[in-house]
1. If you take the residues of segment 40-78 that are hydroxyl-bearing (Ser, Thr, Tyr) and part of a helix (DSSP H, G or I), which of them is nearest to the chain's Cα centre (by Cα)?
2. Looking for whichever is among the basic types (Lys, Arg) and touching a residue at least 40 places away in the same chain (Cβ under 8 Å) here; the options are Arg65, Arg55, Arg1, Arg35. Which one fits?
3. Could you check segment 1-21 and list, in sequence order, the residues that are open to solvent by 90 Å² or more (accessible area, probe 1.4 Å) and in a helix (DSSP H, G or I)?
4. Considering only segment 79-96, I want to know if a residue exists there that is exposed (fewer than 15 other Cβ atoms within 10 Å of the Cβ), over 15 Å from the mean Cα position of the chain (by Cα), assigned to a helix (DSSP H, G or I) and among the polar types (S, T, N, Q).
5. In the set Gln45, Gln39, which member is over 30 Å from Gln10 (Cα atoms), open to solvent by less than 100 Å² (accessible area, probe 1.4 Å) and at pLDDT 95 or above?
6. If we keep just the residues of segment 106-115 that are part of a helix (DSSP H, G or I) and open to solvent by 50 Å² or more (accessible area, probe 1.4 Å), which is farthest from Ser12 (Cα to Cα)?
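The values are calculated or read from the model by the stated rules, or taken from the named source; none is laboratory data. The structure displayed is predicted, hence computed values, not measured ones. Heads up, the Cβs are rebuilt from the backbone with ideal geometry, glycines too, and the neighbour counts pull from every protein chain shown. Heads up: the accessible areas ignore ligands, DNA and RNA and are worked out on the full protein's heavy atoms, side chains in. Shrake-Rupley method; radii C 1.70, N 1.55, O 1.52, S 1.80 Å.
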Amino acid sequence: RREMRLFGVQVSIIEPGGFQTAMTDPAVLVKGFTRLWEQLPAEAQAAYGHQYPDRFAKTTILMHRLSSSRLSPVTDAMTHALLSRCPRSRYAAGWDARLFFLPLSYCPAWLADTL
């Protein structure tokens, strides 16, 4: 964003939280993960543990349930960024982005990595 300013380009960052889209569909994610897991060498699977695919599936389903099906916060942010006379430099779309990801983006790198 800051590098583009030198060229007269204003960039707004839209940071969405979790939203229910085809990209986050648990059935598709778990199917693809399972396919890749089966291609891993046995020693790599052993390093992660035999329960890893099940934990991945449970986490994916939980994250999908916690995600919003309303995409309007993202499209509203995009509309504001494109049409506003004075767009913001950052937009947080969704409750999780506002409560977790946005504050995390202002933390020092070592703290964000730890969290």
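1. As a first pass, look at segment 40-78 and keep what is hydroxyl-bearing (Ser, Thr, Tyr): 48, 52, 59-60, 67-69, 72, 75.
Subset that is part of a helix (DSSP H, G or I): 48, 52, 59-60, 72, 75.
Values: Tyr48: 23, Tyr52: 21, Thr59: 14, Thr60: 12, Ser72: 16, Thr75: 16 Å.
Only one residue fits best here, namely Thr60.
2. Details: Arg65 fails: touching a residue at least 40 places away in the same chain (Cβ under 8 Å); Arg55 fails: touching a residue at least 40 places away in the same chain (Cβ under 8 Å); Arg35 fails: touching a residue at least 40 places away in the same chain (Cβ under 8 Å).
None of the others qualify; the one that does is Arg1.
3. Filtering segment 1-21 down to residues open to solvent by 90 Å² or more (accessible area, probe 1.4 Å) leaves 1-3, 5-7, 10.
Residues satisfying the conditions are Arg2, Glu3, Arg5.
4. So far as segment 79-96 goes, yes, one or more of its residues are exposed (fewer than 15 other Cβ atoms within 10 Å of the Cβ), over 15 Å from the mean Cα position of the chain (by Cα), assigned to a helix (DSSP H, G or I) and among the polar types (S, T, N, Q).
5. On the way: Gln39 fails: open to solvent by less than 100 Å² (accessible area, probe 1.4 Å).
Of the residues listed, the single one that is over 30 Å from Gln10 (Cα atoms), open to solvent by less than 100 Å² (accessible area, probe 1.4 Å) and at pLDDT 95 or above is Gln45.
6. First pass over segment 106-115, keeping only residues part of a helix (DSSP H, G or I): 109-114.
Now restrict to residues that are open to solvent by 50 Å² or more (accessible area, probe 1.4 Å): 109-111, 113-114.
Numbers: Ala109: 21, Trp110: 25, Leu111: 24, Asp113: 24, Thr114: 27 Å.
In this case the residue turns out to be Thr114.
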